[in-house]
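Read-outs: derived from the displayed coordinates by stated rules, not from any lab. Since the structure is predicted, the reported quantities are computational estimates derived from the model, not experimental observations. Here Cβ is always computed from backbone atoms with ideal geometry, including for glycine, and neighbour counts include all displayed protein chains.
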Amino acid sequence: MSLAHDGPRVVSAERGPSDRYGRAMPRFVADAAAIADMEVRKLRHDPAEVLTRAVQPVLWLLIFGQVMAHTHAIPTGDLPYIDYLAPGILAQSALFVSIFYGIAIIWERDLGVLQKFLVSPSPRAALVSGKAASAGVRALVQGTIVYLVAAGLGVDLRLTVPALAGVIVVLLLGAALFATFSLIIACLVKTRERFMGIGQLLTMPLFFASNAIYPIAIMPRWLQAFAHVNPLTYEVDALRALMLVHGVSIFGLSTDFAVLIGVLLALVVIAARIYPRVIT
């Protein structure tokens, strides 16, 4: 602050880093929320999309889960197989929602919407975070359907408020992580045809090279190595501990959350840097 020679005290226009940070964060959150709200409005105008996307995880529970539960082919200890499978299918539903999210970026570029975003004063990271948050909302809607089906199949769900809050946070993190990864792919490939091919190529390896439908211990060693660096593994591990009454986390919930948050932050930084490339 500075003081005038003749007159009242005058506050200088210069502000410190902490003050600039204090103003920047609310703006960042507001910009990200605006982008997320815009995406969620699309969902409200097309609720049938949620139902069609929920068909696949429901079929996994109703058909694959029931068959494998009767064969007892996969060792899950004292946990019934359908209980073991339910958190994995919940994570799968979030993955399938998110991994193709980047195609919306290509559509927006072709329609001219993306150019308007990029010339706005909003930070690139806020735009990316808003897209990621909207993917999380879609994942929560589908997750509700998976929960209802799991309850109907007799899965022993943990329905306490802390457990449900934890599941929501994990789903949001997982969906945001893979949506941001999808956005990065879209920025690199730039065409819908290439993006769809790469998206389909990545989805199944991510799903099968995780602990979603069978324990890591029964995998061959080379696949175990991949599973340990697969973020979906840690998402499923956290969901299994939070969602089930008798569920446990193999890696520990602190490790699961640290991996999901760390990878998400790294992907947001990368996506924010390459986001403008999608229009070049």
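Applying 0.36 nm per residue to the separation of L148 and M204 and subtracting their alpha-carbon distance, the gain on full extension is 17.7 nm.
Taking a temperature of 4 °C and a viscosity of 1.567 mPa s, what whole-number D in µm²/s does Stokes-Einstein yield for region 216-280 with Rh from Kirkwood over alpha carbon pairs? In µm²/s, the coefficient rounds to 95. Amide H of L244: which non-local residues (sequence gap of 5 or more, or other chain) have their own amide H closer than 5 Å, using H built in the peptide plane? The answer is R158. Potential lengthening of the chain between T191 and R41 amounts to 51.5 nm, from the contour at 0.36 nm per residue minus the alpha-carbon distance.
For a label point 7 Å from the Cα of T71 along Cα→C-beta, name the residues of region 208-236 whose backbone N is under 15 Å from it. Under 15 Å, as judged by backbone N against the label point of T71, lie 213-215 of region 208-236. Binning all Cα-Cα separations of region 153-242 at 10 Å, short to long from zero, yields these whole-percent fractions: 15, 36, 33, 14, 2.
Multiplying the residue separation of L62 and I261 by 0.36 nm and subtracting their alpha-carbon distance yields 68.5 nm. Here the Karplus relation 6.51 cos²θ - 1.76 cosθ + 1.60, evaluated at θ = phi - 60°, turns the backbone of region 244-254 into coupling constants of 9, 4, 9, x, 9, 9, 5, 8, x, 4, 4 Hz, with x for every Gly and Pro.
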